[in-house]
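In what follows, a single structure is set out as structure tokens and then discussed.
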Amino acid sequence: MNSTSSGFRSSGPTLSWSASPRAGITSDDCLASLAAYRDAISELTERIEALTTMRARLAAQLRQAAYRTSRVAAHPESTTSMNELNQIPADLPRPADDGAADHLAGRAVPPVSLTSTIGGNVALDELGPGRTILYIYPLTGRPDTDLPEGWDAIPGARGCTSEACDFRDHHAELRAAGAARVFGLSSQTSEYQRELVDRLRLPFAMLSDAKLTLATALGLPTFTASGLTLYKRLTLVICDNMIEHTFYPIFPPNEHATQVLVWLRTHPAPTAC
């Protein structure tokens with residue numbers, strides 16, 4: 001009996017199983033058939049080991065490329081690339097306007113002080129003259145950290161890295177259009193945010209609101225994912241310690257800085273700003 005009579009067929013790099021024993025004959029009863037099983041399993045094991053080695057080598061190269069501009073060391077098991085974090089899936093669900101931000105325009109900015117990635121705290125009720133763009137986002141990913149389970153299926157969740165890049169790329173234009181300052185804000189720690197600022201070379205600071213203090217003070221919309229309470233994506237235009245305008249919901253996130261820029265250019269700042 002040859003190896004093919006047991007049901008295995010192997011030639012070159014391919015290996016397949018053919019489940020067609022002759023009627024009335026149980027090929028597994030044959031010792032040669034059992035040997036063929038063992039040989040096939042051994043061959044598969046060798047291929048798995050070779051592919052595992054190749055995967056580890058490619059993952060190491062990916063980590064090196066993803067963290068080339070970061071002072072933070074890559075996690076040894078990191079496999080997510082910056083391209084994945086920065087891409088927006090074509091079928092990303094659009095968030096609906098649930099009215100959760102309708103009450104914000106015209107509200108006074110509360111006396112909330114948040115840690116900044118450039119050091120010290122920023123008092124939101126003491127921002128100074130000129131308009132401030134405060135874009136609030138749920139959570140940025142990084143190559144060494146998995147996003148919450150089902151992240152892409154949550155409307156408005158995916159896209160924080162691409163949103164940050166869009167504000168980076170249009171920062172000079174936003175300033176020229178009247179934005180005296182731009183901040184990003186999330187519930188992530190300032191240490192986590194500093195890695196993002198460094199890796200993406202952001203020209204503005206991020207503010208950490210780990211206790212969701214601003215959400216409590218203003219009634220900002222949040223959602224829960226993997227046991228985490230996170231901000232829903234929205235942007236506040238602050239002028240003279242008042243919320244002048246709110247962007248909510250925001251979609252697509254990778255074009256939001258452009259949306260803010262258009263609004264600034266078509267809405268001259270009040271004298272108070």
*Residue satisfying condition, being at pLDDT below 95, closer than 17 Å to residue 254 by Cβ and assigned to a loop (DSSP other than H, G, I, E, B), within set 139, 202, 147*: 147
_Residue under evaluation residue 173, criteria (1) crowded, with 19+ Cβ neighbours inside 10 Å; (2) modelled with pLDDT of 95 or more, criterion not met_ = (1)
*asked:* Return the pair list, or none, for Cβ contacts closer than 9 Å from residues in the range 131-151 that are more than 21 Å from residue 166 (Cα to Cα) and of a type in the set (Gly, Ala, Ser) to residues that are assigned to a loop (DSSP other than H, G, I, E, B) and modelled with pLDDT of 90 or more, at least 6 apart or on different chains.
replied: 150/157; 150/226
*So which of 213, 224 ends up being polar (S, T, N, Q) and within 24 Å of residue 125 (Cα to Cα)?*
213
*Does residue 238 fit the bill of being assigned to a loop (DSSP other than H, G, I, E, B) and surrounded by 14 or more Cβ atoms within 10 Å (Cβ to Cβ)?*
no
_Single condition residue 114 does not satisfy, out of (1) touching a residue at least 60 places away in the same chain (Cβ under 8 Å); (2) assigned to a helix (DSSP H, G or I); (3) under 25 Å from residue 242 (Cβ atoms)_ = (2)
_For residue 197: the one exception among (1) surrounded by 19 or more Cβ atoms within 10 Å (Cβ to Cβ); (2) outside any helix (DSSP H, G or I); (3) hydrophobic (A, V, I, L, M, F, W, C)_ = (2)
*asked:* Among the residues that make up the range 177-193, is at least one of them surrounded by 22 or more Cβ atoms within 10 Å (Cβ to Cβ) and assigned to a helix (DSSP H, G or I)?
replied: yes
*Mind telling me which of the residues 180, 96, 157 ends up being in the same structural domain as residue 236 (by TED's automatic domain parsing), in contact with a Pro (Cβ under 8 Å, 6 or more places away or on another chain), farther than 29 Å from residue 270 by Cα and at pLDDT 95 or above?*
157
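The values are calculated or read from the model by the stated rules, or taken from the named source; none is laboratory data. Keep in mind that what you see is a predicted model, and the values were worked out from it rather than measured. Note that we place each Cβ from the backbone using ideal geometry, even for glycine, and neighbour counts take in every protein chain shown.
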